[in-house]
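> The following block contains the structure, expressed as structure tokens.
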Amino acid sequence: MRLLIEHALSFLPFQDCVVQTPQGQDYAGKCYAGKQITGVSILRAGETMEPALRAVCKDVRIGTILIQTNQLTGEPELHYLRLPKDISDDHVILMDCTVSTGAAAMMAVRVLLDHDVPEDKIFLLSLLMAEMGVHSVAYAFPRVRIITTAVDKRVNDLFRIIPGIGAAARAGGWGRGAPAEPPPQGPASLSRELRRPLLRDGCCPRRQRRGGSGVRGLARRPALPTRVPTLLPPGPRLQRTDVLI
């Protein structure tokens, strides 16, 4: 990821400058000619690229955009937005690990344009993109620079890149162990009760003292598997994936 970030920084405007080395010698080099560099990650997969950006740019500002796909309609929806102030004058590095159809990336670009960020100052970075996503973003925003390491040709019916790289967010440690289905809707007490295993008689397991041995253990009754109900309307549903589209 760091190589991808460093390659993206080579497209930023630079100017000649002279710096002084620790040995007191003058050295002619290059320095950033803009005002500020801001990184914006599309949650959750885009958050895995933030450490590489912070390692290269120590004083970079970070913003986040949470875009999720509606399981009933298949359309992207904006759920959360946090951007630094005065972002309109910055060069923005928009990060997403995988881009399949490009719907989430295009919505994120529109959000940046609504905050007066020039289109030619937006850089879309991704580890893997589908051919469909590249064409969609390039056609909708021709002045946005797209930087990726590889492009796959196929997207399946669930909008996953084939062969792809799997769950990018979980591979990076974000969202590990998260359920594949959305959390149940209902009172908080119901959720707490469903987390506790139930026995045949409907009671929770209790520790009991076995005869004279002083060893504590669980009751020897097989536990029934619990099933979390999902209070969603019936009908076809798309499976949630870690690829933000």
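> How many residues are part of a helix (DSSP H, G or I) and of a type outside the set (A, V, I, L, M, F, W, C) when one looks only at the range 129-157?
Adding up the residues that qualify gives 5.
> Continuing with the same structure: Return the total of residues in the range 112-133 being surrounded by 18 or more Cβ atoms within 10 Å (Cβ to Cβ) and either among the charged types (D, E, K, R) or under 20 Å from the mean Cα position of the chain (by Cα) (or both).
13
> Regarding the range 59-67, can at least one residue be identified that is assigned to a strand (DSSP E or B), among the small types (Gly, Ala, Ser) and crowded, with 19+ Cβ neighbours inside 10 Å?
yes
> From the residues in the range 60-94 that are over 21 Å from Arg2 (Cβ atoms) and of a type in the set (S, T, N, Q), which one is modelled with the highest pLDDT?
Ser88
> Would you check if there is a residue in the range 110-133 being in contact (Cβ under 8 Å) with a residue 12 or more places away in the chain and touching a Gly at 6+ places or on another chain (Cβ under 6 Å)?
Yes, the conditions are met somewhere in the range 110-133.
For every residue, the table says whether it meets (1) out of contact with any Ser or Thr (no Cβ under 8 Å at 6 or more places or on another chain); (2) small (Gly, Ala, Ser).
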residue: Gly24; (1), (2): yes, yes
residue: Leu43; (1), (2): no, no
residue: Val56; (1), (2): yes, no
residue: Asp90; (1), (2): no, no
residue: Met129; (1), (2): no, no
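> Select, from Gly34, Gly29, Gly39, the only residue that is buried (at least 18 other Cβ atoms within 10 Å of the Cβ), in contact (Cβ under 8 Å) with a residue 12 or more places away in the chain and either of a type in the set (Asp, Glu) or touching a strand residue (DSSP E or B) at 6+ places or on another chain (Cβ under 9 Å) (or both).
Gly39 is the lone residue from the list that is buried (at least 18 other Cβ atoms within 10 Å of the Cβ), in contact (Cβ under 8 Å) with a residue 12 or more places away in the chain and either of a type in the set (Asp, Glu) or touching a strand residue (DSSP E or B) at 6+ places or on another chain (Cβ under 9 Å) (or both).
So that you can scan it fast, the table gives a plain yes or no per residue for (1) outside any strand (DSSP E or B); (2) at pLDDT 90 or above; (3) touching a helix residue (DSSP H, G or I) at 6+ places or on another chain (Cβ under 7 Å):
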residue: Gly24; (1), (2), (3): yes, no, no
residue: Lys30; (1), (2), (3): no, no, no
residue: Gly34; (1), (2), (3): yes, no, no
residue: Ser41; (1), (2), (3): no, yes, yes
residue: Gly46; (1), (2), (3): yes, no, no
residue: Glu50; (1), (2), (3): yes, yes, no
residue: Ala55; (1), (2), (3): yes, yes, yes
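> Same structure, new question: Just to verify a result, which residue in the range 5-22, among those that are assigned to a strand (DSSP E or B) and not aromatic (Phe, Trp, Tyr), is nearest to Ile122 (Cα to Cα)?
Gln15
> Within the range 88-103, work out how many residues are part of a loop (DSSP other than H, G, I, E, B) and under 27 Å from Met132 (Cβ atoms).
5
> Within the range 145-164, restricting attention to residues that are of a type in the set (Val, Ile, Thr) and in contact (Cβ under 8 Å) with a residue 40 or more places away in the chain, which residue is surrounded by the fewest Cβ atoms within 10 Å (Cβ to Cβ)?
It comes out as Thr149.
> Filter the range 73-87 for residues that are within 11 Å of Gln36 (Cβ to Cβ) and either of a type in the set (Gly, Ala, Ser) or outside any loop (DSSP other than H, G, I, E, B) (or both) and give the result.
Here is the first cut: in the range 73-87, the ones within 11 Å of Gln36 (Cβ to Cβ) are 84-87.
Answer for the range 73-87, where residues must be within 11 Å of Gln36 (Cβ to Cβ) and either of a type in the set (Gly, Ala, Ser) or outside any loop (DSSP other than H, G, I, E, B) (or both): just Ile87.
The values are calculated or read from the model by the stated rules, or taken from the named source; none is laboratory data. These numbers were taken from a predicted model, which means no experiment stands behind them. Backbone-built Cβ (ideal geometry, glycine too); neighbour counts: all protein chains shown.
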